[in-house]
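The values are calculated or read from the model by the stated rules, or taken from the named source; none is laboratory data. Since this is a predicted model, take the numbers as computed values, not measurements. With ideal geometry, Cβ positions are generated from the backbone for all residues, glycine too; neighbour counts draw on all protein chains shown.
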Amino acid sequence: MKLYGYFRSSATYRVRIALNLKGVAYVNEFVHLRRDEHQTATYREVNPQGFIPALEDDDGEVMNQSLAIIEYIDETCPFPPLLPNHPADRARVRALAQIVASDIHPLDNLRVLRFLRNELARDEVTVARWYNHWMAEGFKTIEAMLANDDRTGRFCHGDQPGLADICLIPQVVNAATYELDLSPYPTIQRIFGTCMGLDAFYKAHPQRQPDSE
């Protein structure tokens with residue numbers, strides 16, 4: 001498989017974790033976001049949306065959107081599973097994942113921060129306030145869902161890592177960007193520590209990627 005991505009992209013980070021958990025070999029095709037390589041005609045032939053990541057499988061099929069890619073990986077490489085068996089449990093895990101992927105990340109990604117800085121002429125103090133506000137709003141909800149549910153185990157759901165952890169851990173790493181205080185989120189911090197003790201998460205960290213700067 002070929003993974004189109006960038007070391008600092010949290011969406012790409014999610015896919016790296018999923019591939020590592022499954023033990024799936026892949027090659028990197030680096031797309032430098034800050035040089036706008038994702039906007040080139042060449043890359044838009046891969047992904048017309050111009051976003052990363054994209055994943056090309058062994059048959060030449062190309063997929064985009066990180067959660068869709070991860071579910072494709074889970075369906076084609078079913079062990080270990082990234083979603084639980086019971087429908088209500090699957091819904092819970094997907095909800096936790098989507099709080100990150102649909103609520104936090106779209107408001108705090110690079111193109112939004114660029115718009116705030118460049119088009120709206122906001123200073124770095126305002127950008128940091130924006131970034132941490134939406135991060136904290138999402139983490140507050142996730143913390144409550146994790147802390148108040150006996151289905152939370154060593155990981156977000158039970159004692160095996162899954163889709164919710166795959167989405168959460170890159171967002172916790174992103175929290176360092178503007179030094180968000182994580183003390184209100186002890187369950188998130190505990191799960192982060194557990195995940196980072198696994199090679200699949202440790203090796204997927206942005207600073208351990210070949211294109212890291």
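Tabulated values for the structure
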| quantity | calculated |
| --- | --- |
| Some residue of the range 36-55 being farther than 24 Å from ASP211 by Cα and either modelled with pLDDT under 95 or hydrophobic (A, V, I, L, M, F, W, C) (or both) | no |
| Matching option when the condition is within 30 Å of HIS86 (Cα to Cα), aliphatic (A, V, I, L, M) and not in a helix (DSSP H, G or I), among ALA204, ALA176, ALA144, ALA121 | ALA204 |
| Unmet requirement for ILE166, which otherwise passes all of (1) free of Cβ contacts under 8 Å to residues at least 60 places away in the same chain; (2) crowded, with 22+ Cβ neighbours inside 10 Å | (1) |
| Criterion violated by THR76 - all others in (1) more than 20 Å from PHE7 (Cβ to Cβ); (2) surrounded by 14 or more Cβ atoms within 10 Å (Cβ to Cβ); (3) touching an Asp or Glu at 6+ places or on another chain (Cβ under 9 Å) satisfied | (2) |
| Lone qualifier among GLY193, GLY138 - being assigned to a helix (DSSP H, G or I), over 30 Å from ALA25 (Cβ atoms) and not polar (S, T, N, Q) | GLY138 |
| Residues of the range 144-179 classified as among the acidic types (Asp, Glu) and under 17 Å from the mean Cα position of the chain (by Cα), total | 1 |
| Among (1) part of a helix (DSSP H, G or I); (2) closer than 20 Å to LEU182 by Cα; (3) in contact (Cβ under 8 Å) with a residue 24 or more places away in the chain - the single one ARG154 does not satisfy | (1) |
| Enumeration of residues in the range 179-188 that are in a loop (DSSP other than H, G, I, E, B) and crowded, with 17+ Cβ neighbours inside 10 Å | LEU180, LEU182, TYR185 |
| GLU137 being at positive phi and either among the acidic types (Asp, Glu) or in contact with a Lys or Arg (Cβ under 9 Å, 6 or more places away or on another chain) (or both) | no |
| When residues of the range 13-44 are limited to those that are within 29 Å of PRO161 (Cα to Cα) and polar (S, T, N, Q), the one surrounded by the most Cβ atoms within 10 Å (Cβ to Cβ) | ASN20 |
